[in-house]
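A quick write-up on the structure given underneath.
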């Protein structure tokens, strides 16, 4: 096997570590309650994108969206997952993740490193229609996961609806289908007492 394919195999083994990065959200099923991991999160975000891609106008380039989603959290292998409402962690998140992106993607052949870096940067910048759609799917998944698990992480920080809205507003601003789905989740969260008024 040549060096290029060997490097790709090595990167895939490295990327497998994403399955061991725990998130603040929980997953519950059939009596099992455990932390969601970042790989599960990325899969769920991808599924949301597949389901909603034809619900938005204009339709995004789904292949590009899915590529961004596959790459967007790989930096957490080294930088860890930063909970959206961890004020101290958010102060260093961008720097930690940028350094992790350089190290991780730098293990690939140059053309693949450049491609993955560009996808990660595009997602982070949130300027293209595909990046905004991917971000909307990402925010929707995280919010729905917290509502679905009873939001113990929100309870720990005493999360209010107003503070939550600052994070969710960019996804809401995308309009349908994000806005009505997120509003339905807010109604459920408030009815269950998961957010402080």
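Each value in this text was obtained by applying a stated rule to the coordinates, not by laboratory testing. What you see is a predicted model, and the numbers here were worked out from it, not measured in a lab. Positions of Cβ are generated from backbone atoms using ideal geometry, with glycine treated the same way; all protein chains shown enter the neighbour counts.
Helix 178-191 and the longest principal axis of the Cα set of the chain meet at an angle near 50°.
Here are a few candidate values for log10 I(q)/I(0) by the Debye sum over Cα atoms at q = 0.12, 0.13, 0.14 Å⁻¹: [x] -0.53, -0.63, -0.74; [y] -0.71, -0.82, -0.93; [z] -0.62, -0.73, -0.84. Which one was actually calculated from the structure I just gave you? Only one option fits the structure, namely [z].
Contour minus end-to-end for residue 12 and residue 129, with contour as 0.36 nm per residue of separation and end-to-end as the Cα-Cα distance? Display every interim value, and only then the final one.
Numbers: separation 117, 0.36 × 117 = 42.12 nm, distance 2.81 nm.
Full-extension gain reported as 39.3 nm.
Of all the options 110, 79, 129, the one that moves most in a Gaussian network model of the chain with Cα springs shorter than 10 angstrom is 110.
Summed over qualifying helices (DSSP H, 4 residues or more, each -39500 (n - 2.57)) and divided by its residue number, the chain shows a 222 nm mean residue ellipticity of -21000 deg cm²/dmol.
Projecting label points 7 angstrom from Cα along Cα→Cβ for residue 111 and residue 184 puts them 4.4 nm apart.
The coefficient of translational diffusion for segment 77-157, derived via Stokes-Einstein from the alpha carbon Kirkwood radius under 25 °C and 0.890 mPa s, stands at 170 µm²/s. Axis angle, to the nearest 10 degrees, between helix 161-172 and the longest C-alpha principal axis of the chain: 50 degrees.
With axes computed from alpha carbons, what is the tilt in degrees of helix 129-149 against the longest principal axis of the chain, rounded to the nearest 10 within 0 to 90? Taking Cα atoms only, the helix is inclined about 50 degrees.
Potential lengthening of the chain between residue 51 and residue 2 amounts to 13.8 nm, from the contour at 0.36 nm per residue minus the alpha-carbon distance. When the Cα convex hull of segment 13-67 is projected onto planes of every orientation, the mean area is 5.2 nm². The fewest-to-most ranking of 20, 29 by surrounding Cβ atoms within 10 Å reads 29, 20.
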